[in-house]
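S.K.: Sharing a structure with you now.
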Amino acid sequence: MIRPYTSSDKPTVLHIWRSASAIAHPFLSTEHTDQAEAMIRDQFLDLAETWMIEANGTAVGFIALLGTEVGGLFVLPAHQGKGLGRALLNHAAQSRAQLSLCVFSANHAARGFYTAYGFEAEEERLNDFFGHPEIVMRRRC
């Protein structure tokens with residue numbers, strides 16, 4: 001089930017992000033991860049259109065959108081590979097002519113997932129906040 005985010009979901013979103021990010025971004029320092037979590041908690045979630053996905057009545061993933069940009073797509077590691085990330089992207093694509101996102105170059109699993117979904121790499125650049133290379137990807141819906 002996909003449902004809108006509510007403010008009571010904030011601790012769950014942070015837990016999902018922390019758990020999935022630890023696997024997807026092992027190259028990030030603890031300091032950077034802590035700073036990013038604070039930004040997500042204190043700023044990002046208030047700006048984004050966020051949708052939660054549930055399995056057996058429990059939120060296990062989310063997608064956060066800033067217009068047509070996917071600011072974050074994370075699913076708890078135990079629930080990855082079950083089509084939940086694809087379902088969240090499908091939900092976002094229903095109301096948008098295109099989607100874009102940035103993914104770390106070193107996050108090979110996510111890059112493969114986004115490519116299989118139909119995203120195409122447009123540009124590689126250095127992420128200003130983390131200082132790691134990232135790829136800008138876009139998909140026409």
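The values are calculated or read from the model by the stated rules, or taken from the named source; none is laboratory data. The shown structure was predicted, so the numbers you read here are calculated from the model rather than taken from an experiment. Here the Cβ is made from the backbone with ideal geometry for all residues, glycine too, and neighbour counts use every protein chain on show. For accessibility, only protein heavy atoms count, side chains too; no ligands or nucleic acids. Shrake-Rupley method; radii C 1.70, N 1.55, O 1.52, S 1.80 Å.
S.K.: Take the conditions open to solvent by less than 20 Å² (accessible area, probe 1.4 Å) and in contact with a helix residue (DSSP H, G or I) (Cβ under 7 Å, 6 or more places away or on another chain) and apply them to L76. Does it pass?
M.R.: On the way: open to solvent by less than 20 Å² (accessible area, probe 1.4 Å): no; in contact with a helix residue (DSSP H, G or I) (Cβ under 7 Å, 6 or more places away or on another chain): yes.
Judged against the criteria, L76 is not a match.
S.K.: Here is a list of conditions, (1) in a helix (DSSP H, G or I); (2) touching a strand residue (DSSP E or B) at 6+ places or on another chain (Cβ under 8 Å); (3) modelled with pLDDT under 95; (4) under 18 Å from N127 (Cβ atoms), and L45 meets all of them except one; can you say which number that is?
M.R.: (4)
S.K.: Next up: Hand me the list of strands (runs of 3 or more DSSP E) wholly inside segment 60-141 holding 2 or more residues that are under 19 Å from M39 (Cα atoms).
M.R.: Numbers: elements: 69-75, 98-104, 120-126, 133-140.
Once the strands (runs of 3 or more DSSP E) in segment 60-141 are filtered for at least 2 residues that are under 19 Å from M39 (Cα atoms), what remains is 69-75, 98-104.
S.K.: Those residues that are of a type in the set (G, A, S) and touching a residue at least 12 places away in the same chain (Cβ under 8 Å), I need them from segment 23-56; list them, please. Can you show your working first?
M.R.: Quick first cut of segment 23-56, residues of a type in the set (G, A, S) only: 24, 29, 36, 38, 48, 55.
Of everything in segment 23-56, those that are of a type in the set (G, A, S) and touching a residue at least 12 places away in the same chain (Cβ under 8 Å) turn out to be A24, A36, A48, A55.
S.K.: Just one of the numbered conditions (1) loosely packed, with under 14 Cβ neighbours inside 10 Å; (2) hydrophobic (A, V, I, L, M, F, W, C); (3) closer than 20 Å to P77 by Cβ is not true of A38; which one?
M.R.: (3)
S.K.: Which residue is modelled with the lowest pLDDT, if the candidates are limited to segment 7-28 and must be within 19 Å of F104 (Cβ to Cβ) and open to solvent by less than 50 Å² (accessible area, probe 1.4 Å)?
M.R.: From segment 7-28, those within 19 Å of F104 (Cβ to Cβ) are 16-28; that's our starting set.
Now narrow it down to the ones that are open to solvent by less than 50 Å² (accessible area, probe 1.4 Å): 16-17, 19-21, 24-25, 28.
Values: I16: 97, W17: 96, S19: 96, A20: 96, S21: 94, A24: 91, H25: 90, L28: 85.
Here the answer is L28.
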